[in-house]
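Below is one structure, written out as structure tokens, with a few remarks after it.
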Amino acid sequence: MIKLTRLNGQTITINIDLVKYIEANPDTRVVFLNNDLLIVKEKMDEVIDKAVKYKQEIFRQFTTTTTQAQTQTQT
């Protein structure tokens, strides 16, 4: 989940896994798998950076948990 800002200043949290694509024309538009549209204040690159950081954190947590479970199984 990442936090973005609507044009009216309202903060919204979205599930990045449900995003179909992001475009800048000139506003940043987030289009979801169900074709809902969200226009946000953040630049397209900022949204992408937030999404990448979110995915990296999820992957890091997964690999840490997996490594801990493997260590416990071996002892």
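The values are calculated or read from the model by the stated rules, or taken from the named source; none is laboratory data. On a predicted model such as this, the values are computed, not experimentally measured, just so you know. As a convention, Cβ positions derive from the backbone with ideal geometry for all residues, glycine included, and neighbour counts pool all protein chains shown.
Taking the stretch 8-53, which residues are among the aliphatic types (A, V, I, L, M) and either touching a Pro at 6+ places or on another chain (Cβ under 6 Å) or free of Cβ contacts under 8 Å to residues at least 12 places away in the same chain (or both)?
Pass one, the stretch 8-53, residues among the aliphatic types (A, V, I, L, M): 12, 14, 16, 18-19, 22, 24, 30-31, 33, 37-40, 44, 47-48, 51-52.
Residues satisfying the conditions are Leu37, Val52.
A quick yes/no check of all residues on (1) of a type in the set (D, E, K, R); (2) in contact with a strand residue (DSSP E or B) (Cβ under 7 Å, 6 or more places away or on another chain); (3) surrounded by fewer than 11 Cβ atoms within 10 Å (Cβ to Cβ):
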site	(1), (2), (3)
Met1	no, yes, yes
Leu7	no, yes, no
Gln10	no, no, yes
Val19	no, yes, no
Asn25	no, no, yes
Val30	no, yes, no
Lys50	yes, yes, no
Phe59	no, no, yes
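What number goes with the only condition from (1) at pLDDT below 95; (2) more than 13 Å from the chain's Cα centre (by Cα) that Glu57 does not pass?
Among (1) at pLDDT below 95; (2) more than 13 Å from the chain's Cα centre (by Cα), the lone unmet condition for Glu57 is (2).
Hey, Leu7 hits all of (1) hydrophobic (A, V, I, L, M, F, W, C); (2) at pLDDT 95 or above; (3) under 15 Å from the mean Cα position of the chain (by Cα) but one; which does it fall short on?
Going through the list (1) hydrophobic (A, V, I, L, M, F, W, C); (2) at pLDDT 95 or above; (3) under 15 Å from the mean Cα position of the chain (by Cα), Leu7 breaks only (3).
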